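**Q** One structure coming up, written as structure tokens, with questions to follow.
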Amino acid sequence: KQEVTQIPAALSVPEGENLVLNCSFTDSAIYNLQWFRQDPGKGLTSLLLIQSSQREQTSGRLNASLDKSSGRSTLYIAASQPGDSATYLCAAGSSNTGKLIFGQGTTLQVKP
Amino acid sequence: DVKVTQSSRYLVKRTGEKVFLECVQDMDHENMFWYRQDPGLGLRLIYFSYDVKMKEKGDIPEGYSVSREKKERFSLILESASTNQTSMYLCASVESQGRGNQPQHFGDGTRLSIL
């Protein structure tokens, strides 16, 4: 059974720092790996999706990588801003039905 | 722009009531999902549907049922609400994966309290 883990559970950094969020998964037979952002009391917003055949995806200041052999994905945020403060969740897509297994998230605080 | 709408942001119900949570998407997506999100447990899949009138149990279906009579609407039903069903409920939809990898789109959630 697929399990997804995110460490650390919480992270606090000063504005301007580059940072990396980590995600690990137990079953390398994934369909895709997705990163989401969740603001307090809100739903999830998709940030990046990496297909199983890809190694990374980039969108603006965000870069996500995927290493299936080691069961790891990272989300790199460059030049962090207070507006980046949120909970970041990764999810492993296990089949072409779109079903996802979520990690518990990393709550990021970027201090001005 | 993609839109998933959940009918209520906040809902308070009593133990034993039958509760309906509604979700509508405007993207003609085949697949729709209901999750609940609890502190320390993360998001857990309750049910999903891959077509009209088709449904499949997720990881925690007990105490819940679903209905999908039209492609755009997916309803979650709590047959007899209990206090342990107090939670944040999130609906999501995605285009059929057979057309390529696509991200799930989420509604804003319904925070349900059972008293």
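Readers should treat all values here as calculations from the given coordinates under stated rules, not as data from a laboratory. All values reported here derive from a predicted model rather than from experimental measurement. Note that each Cβ is placed from the backbone with ideal geometry, even for glycine, and that neighbours are counted across all protein chains shown.
**Q** Among the listed pairs A:42/A:111; A:1/B:70; A:68/B:3; A:99/B:3; A:1/A:42; B:18/B:55, which have their C-alpha atoms separated by more than 23 angstrom in this model?
**A** A:1/B:70; A:68/B:3; A:1/A:42, as the Cα separations exceed 23 Å there.
**Q** Between B:63, B:42, B:16, which gets the highest mean-square fluctuation from a Gaussian network model of chain B, Cα cutoff 10 Å?
**A** Among B:63, B:42, B:16, the largest GNM mean-square fluctuation belongs to B:42.
**Q** Something else about it: Give me the number: length gained by fully extending residue B:53 to residue B:77, i.e. 0.36 nm times residue separation minus the C-alpha to C-alpha distance, one decimal in nm.
**A** Details: separation 24, 0.36 × 24 = 8.64 nm, distance 1.47 nm.
Length gained, residue B:53 through residue B:77: 7.2 nm.
**Q** Other chains near A:98-108: what is the mean number of their Cβ atoms within 10 Å of each residue's Cβ?
**A** Numbers: counts 17, 11, 9, 5, 6, 2, 6, 3, 0, 0, 0.
Average per residue, whole number: 5.
**Q** Before anything else, pin down the relative contact order of chain A: Cα pairs under 8 Å, at least 6 apart, normalised by residue count, whole percent. Can you show the working numbers first?
**A** Numbers: 291 pairs, mean separation 41.6, N = 112.
Dividing the mean separation by the residue count of chain A yields 37 percent.
**Q** Pick out, from B:113, B:89, B:8, the residue whose Cα sits farthest towards the positive end of the charge dipole of the protein assembly as shown, with +1 on the Cβ of Lys and Arg and -1 on the Cβ of Asp and Glu.
**A** Among B:113, B:89, B:8, the one farthest towards the positive end of the dipole of the protein assembly as shown is B:113.
**Q** So, one more: Between the DSSP loop rule and a limit of at most 14 other Cβ atoms within 10 Å, which GluC sites (Glu not before Pro) in the stretch B:31-87 are left? Spell out each step's value before the answer.
**A** On the way: sites: B:56, B:62, B:69, B:72, B:79; in loops: B:62, B:72, B:79.
Passing both the DSSP loop test and the Cβ count: B:62, B:79.
**Q** Oh, and also: Go through the stretch A:9-112 and name the trypsin sites (Lys or Arg not before Pro) that are in a DSSP coil and have 14 or fewer other Cβ atoms within 10 Å of their Cβ. Walk me through the intermediate numbers first.
**A** On the way: sites: A:37, A:42, A:55, A:61, A:68, A:72, A:99; in loops: A:42, A:55, A:61, A:68, A:99.
Qualifying residues, ordered by number: A:55, A:61.
**Q** What FRET efficiency would be calculated for the residue pair residue A:18, residue A:95, taking the C-beta separation as r and a Förster radius of 41 Å, to the nearest 0.05?
**A** Numbers: r = 34 Å, r/R0 = 0.83.
Step by step, r from the Cβ atoms, then E = 0.75.
**Q** Could you compute the FRET efficiency for residue A:54 and residue A:10, with r as their C-beta to C-beta distance and R0 at 41 Å, rounded to 0.05? Mind showing how you got there, number by number?
**A** Working: r = 29 Å, r/R0 = 0.70.
The formula returns an efficiency of 0.90 here.
**Q** Which listed residue (A:43, A:75, A:6) has the Cα farthest towards the positive end of the charge dipole for chain A, taking +1 on Lys and Arg C-beta and -1 on Asp and Glu C-beta about the Cα centre?
**A** A:43
**Q** For the stretch A:3-112, with only Lys/Arg (+1) and Asp/Glu (-1) charged at the beta-carbon, what is the dipole magnitude about the Cα centre, in debye rounded to 20?
**A** Details: 8 positive and 8 negative charges, 30 e Å.
The dipole of the stretch A:3-112 has a size of about 140 debye.
**Q** About its Cα centre, what dipole magnitude does chain B give when the only charges are +1 on Lys and Arg Cβ and -1 on Asp and Glu Cβ, stated in debye to the nearest 20?
**A** Working: 16 positive and 16 negative charges, 59 e Å.
Charge dipole, chain B, about its Cα centre: 280 debye, nearest 20.
**Q** Give, in whole angstrom and from largest to smallest, the semi-axes √(5λ) of the equivalent ellipsoid of chain B, with λ running over the eigenvalues of the Cα gyration tensor. Spell out each step's value before the answer.
**A** Working: eigenvalues 109, 38, 35 Å².
For chain B, the ellipsoid semi-axes come out as 23, 14, 13 Å.
**Q** I've got another one for you. Do any GluC sites (Glu not before Pro) in the stretch A:1-79 lie in a loop, going by DSSP, with at most 16 other beta-carbon atoms within 10 Å of their beta carbon, and if so which? Show your work: numbers first, answer last.
**A** On the way: sites: A:3, A:15, A:17, A:56; in loops: A:3, A:15, A:17.
Answer by residue number: A:3, A:15, A:17.
**Q** So, one more: Mind jotting down the distance between the C-alpha centroids of the stretch B:25-52 and the stretch A:34-67, whole Å?
**A** 18
**Q** Starting from the alpha-carbon convex hull of the protein assembly as shown, give the projected area averaged over all orientations, in nm². Let's see the in-between values first.
**A** Values: hull surface 48.7 nm².
If I average the Cα hull's projected area over directions, I get 12.2 nm².
**Q** Just add up the charged neighbours of residue B:80: K/R +1, D/E -1, any other residue whose Cβ is under 15 Å from the Cβ of residue B:80. Kindly include the intermediate steps, with their values, before the conclusion.
**A** Working: positive: B:13, B:14, B:18; negative: B:17, B:62, B:79.
Cβ neighbours under 15 Å give a net charge of 0.
**Q** Report the residue, chosen from A:28, A:85, A:12, that carries the largest GNM mean-square fluctuation when chain A is represented by alpha-carbon nodes joined by springs under 10 Å.
**A** Judging by the Gaussian network model, the answer is A:12.
**Q** Got a sec to turn the phi values of the stretch A:31-40 into Karplus ³J(HN,Hα) couplings, 6.51 cos²θ - 1.76 cosθ + 1.60 with θ = phi - 60°, whole Hz, x for Gly and Pro?
**A** Whole-Hz 3J(HN,Hα) from phi for the stretch A:31-40: 8, 7, 10, 10, 10, 10, 10, 10, 8, x.
**Q** What Rg and what Dmax come out for chain A when only alpha-carbon atoms are used, in angstroms?
**A** Over chain A's Cα set, Rg and Dmax evaluate to 13.4, 42 Å.
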